[in-house]
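The values are calculated or read from the model by the stated rules, or taken from the named source; none is laboratory data. Everything numeric in this text was worked out from a predicted model, so none of it was measured. Don't worry about glycine lacking a Cβ; one is built from the backbone with ideal geometry, like all the others, and counts go over all protein chains shown.
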């Protein structure tokens, strides 16, 4: 009697892993709610903030793009939840054992997870940011953001950069959350950690009285660095240039993914 | 042959087991036996305390929240060390011992500075004032008590800069003058007002501790600090002093140059039975130019994160592990289970906040004082409110997280929702909604959201009699301390009500 020979290794492990993860993603209701939440929060909070803004003179110095994109502040928490749950759900349901049995190449599995998360988040971020920018364009001229106050056009190249920066920022935050969740393995702790990393840097920068320290905190925190990529006025005075800011966020993301990958590979699931 | 009936054992339902506190004890046991949760509560305390070092480490003494720094401008301080504005024209004479000063104000008008020294009629401010005053000396910040008529707040008695009590309402005119009287008895000065000079009504009693025997009594006018370009002119008649009269001396308190905000010196005109005093300036509290003690509690946000995570998991872990079935079997009245959990997690949050805020203030206060003076002297009562308020803020945040955890039954969304509703309004107020000059928002986002509760830590006071810019980055919140906490409580109560409804209605 001979044992059945083990099945040949699948010819396209990455493709199959992607297909498997995509099936997991689209067959539960949670992710679509989260994606809808990203769009709704970005547009709604942006519209409310634009309605609350005032520019009474040419020297008001308020960045219209930052106001329109205020919704990024809460929306990134939804993105973070999506990123954390992509991994956290596997651990909380015990699915991880099955997943890693079916896909013993753990990094392939993580890559598939990341890809299946990135595509929908990117897809949801585009209409979210576009909607917020459009709402800002409709509302802000009525709130004093007029050519007379130095806001000639709200669709300049810098505004396109701001919008692209916001979309890329949200996508990077999703991957950052995925990486940290892979490292922490528990959804609740991971979301606390991710939101701490995002929100505590700017809060600390507001709280410290040492201006040099505050500027450094604004340079290294992913949220303030990412906001530099969304600035359209006073760019020279920012702690980082827009693309440097996005670079800092990317560094955080790469660091989190590396940490997650390392721990996933070395640890027992 | 008889069959023995076996009665299954049932533990007796003793009154103790029926009691709510039995349930609370059970929930407390659940909490304290999960090591990670106890560690997280400890991290809350450590984070708040540790951040006091960072928040209170000021490199220069007069750094505002917007990063502006420089030498502290000379700030006169009044009794108790409160920062004050004490700039006005004082027609005075020295008086010794007990006595009375009386005067009738027949007119209070305003003039507004239009050019270098050009005055146009109008511009009387709500708190422009003229009246009688007994003041310890002519130096800025000395103790005083005054009866005055104001631009649109009627007759007021004010003393020692921060105290204000109303007298007769309505504005003053030649046909309806306002009679004012101050009576000094030792360290106590009593104010009266009258519409006719015959029928007097008590307005208020001021105690000025340590008032010297010889003081300056007389007439004053001040244009108000709402607009330092307003000059107020008061016309006085029927002036009477019970002390021997020595003639009026006119002094510009705080100097006459515009360094103090007064563009022109005040004036004194005397004619038969009438004295007219005109001046810019104000006698009032000031918003101060140092640091707010609240900086020592800047770590509250850091402490909130682990607490919120634990509080949400206190409920969501029951669902994840299936423990909820055991819990609900043991305590079939689901509302009581929720109440017991809320009691335990609220008590944990309150205790953690109390300990952390006490430690943070103990560590942060000397650090702040080493860097420079506080914007406002903080009374023991205010410190107690800041400490108890921090405990309450954390307790209510924990209960909110528990309620949201019950509603959504999943830890990650629950934690995210609670962190967002507390953190994001505050970030928006300092970020996109900071407005012109970036001094901080402080509109709706810190009134109607749970983030309003941060106002319970406010260490600097607001005065209705001082119309000024109260910027968020100097520690001024839009809501009063307890009102802000009440806003957070309202959110927690609403979430708890929804959680109760869903917990009862839903299948576990």
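Between residues in the range B:362-384 that are assigned by TED's automatic domain parsing to the domain that holds residue B:474 and residues that are part of a loop (DSSP other than H, G, I, E, B) and at pLDDT 80 or above, which pairs lie under 6 Å by C-beta distance while being six or more apart or on different chains?
Within 6 Å, the pairs are B:375/B:292; B:375/B:460; B:376/B:460; B:378/B:459.
Among the residues of the range B:53-94, how many are farther than 30 Å from residue B:241 by Cβ, at pLDDT 70 or above and more than 14 Å from chain A (Cβ to nearest Cβ)?
Here the count works out to 3.
Please specify each residue of the range B:272-294 satisfying the condition of being more than 14 Å from chain A (Cβ to nearest Cβ) and either in contact with a helix residue (DSSP H, G or I) (Cβ under 9 Å, 6 or more places away or on another chain) or part of a loop (DSSP other than H, G, I, E, B) (or both).
Once the filter is applied, which keeps residues that are more than 14 Å from chain A (Cβ to nearest Cβ) and either in contact with a helix residue (DSSP H, G or I) (Cβ under 9 Å, 6 or more places away or on another chain) or part of a loop (DSSP other than H, G, I, E, B) (or both), the range B:272-294 yields B:272, B:273, B:280, B:281, B:286, B:287, B:288.
Is it the case, given these coordinates, that residue A:47 is crowded, with 16+ Cβ neighbours inside 10 Å, under 17 Å from the mean Cα position of the chain (by Cα) and on the phi < 0 side of the Ramachandran plot?
No, not satisfied.
Condition check ((1) in a helix (DSSP H, G or I); (2) outside the structural domain of residue B:477 (by TED's automatic domain parsing)) across all residues:
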position: B:243; (1), (2): no, yes
position: B:250; (1), (2): no, yes
position: B:264; (1), (2): no, yes
position: B:270; (1), (2): no, yes
position: B:296; (1), (2): yes, no
position: B:306; (1), (2): yes, no
position: B:328; (1), (2): yes, no
position: B:332; (1), (2): no, no
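Here are some conditions: (1) closer than 26 Å to residue A:165 by Cα; (2) modelled with pLDDT of 85 or more. Residue A:95 meets all but one. Which one does it not meet?
Failing condition for residue A:95: (1).
For the range B:11-52, name all the residues that are at the interface with chain A (Cβ under 10 Å from one of its Cβ atoms) and either over 24 Å from residue B:309 (Cα atoms) or modelled with pLDDT of 90 or more (or both).
Within the range B:11-52, B:36, B:40, B:47 qualify.
Hey, can you tell me all the residues within the range B:363-383 that are assigned to a helix (DSSP H, G or I) and over 15 Å from the mean Cα position of the chain (by Cα)?
B:363, B:364, B:365, B:366, B:367, B:368, B:369, B:370, B:371
Do you know which residues across the range A:180-212 are more than 7 Å from chain B (Cβ to nearest Cβ) and buried (at least 24 other Cβ atoms within 10 Å of the Cβ)?
Of everything in the range A:180-212, those that are more than 7 Å from chain B (Cβ to nearest Cβ) and buried (at least 24 other Cβ atoms within 10 Å of the Cβ) turn out to be A:180, A:181, A:182, A:190, A:194, A:198.
Is there a residue in the range B:325-346 that is at pLDDT below 85, within 11 Å of another protein chain (Cβ to nearest Cβ) and either more than 19 Å from the chain's Cα centre (by Cα) or crowded, with 24+ Cβ neighbours inside 10 Å (or both)?
Checked the range B:325-346: no residue is at pLDDT below 85, within 11 Å of another protein chain (Cβ to nearest Cβ) and either more than 19 Å from the chain's Cα centre (by Cα) or crowded, with 24+ Cβ neighbours inside 10 Å (or both).
Scan (1) over 14 Å from residue A:174 (Cα atoms); (2) more than 9 Å from chain B (Cβ to nearest Cβ) for the single condition residue A:75 breaks and write down its number.
(1)
Given (1) more than 19 Å from residue A:77 (Cα to Cα); (2) buried (at least 19 other Cβ atoms within 10 Å of the Cβ); (3) modelled with pLDDT of 85 or more, identify the lone condition not met by residue A:111.
The number of the failed condition is (2).
Residue by residue through the range A:58-71, note down the ones that are part of a helix (DSSP H, G or I) and either at the interface with chain B (Cβ under 9 Å from one of its Cβ atoms) or modelled with pLDDT under 90 (or both).
Hits for the range A:58-71 are A:64, A:65, A:66, A:67, A:68, A:69, A:70.
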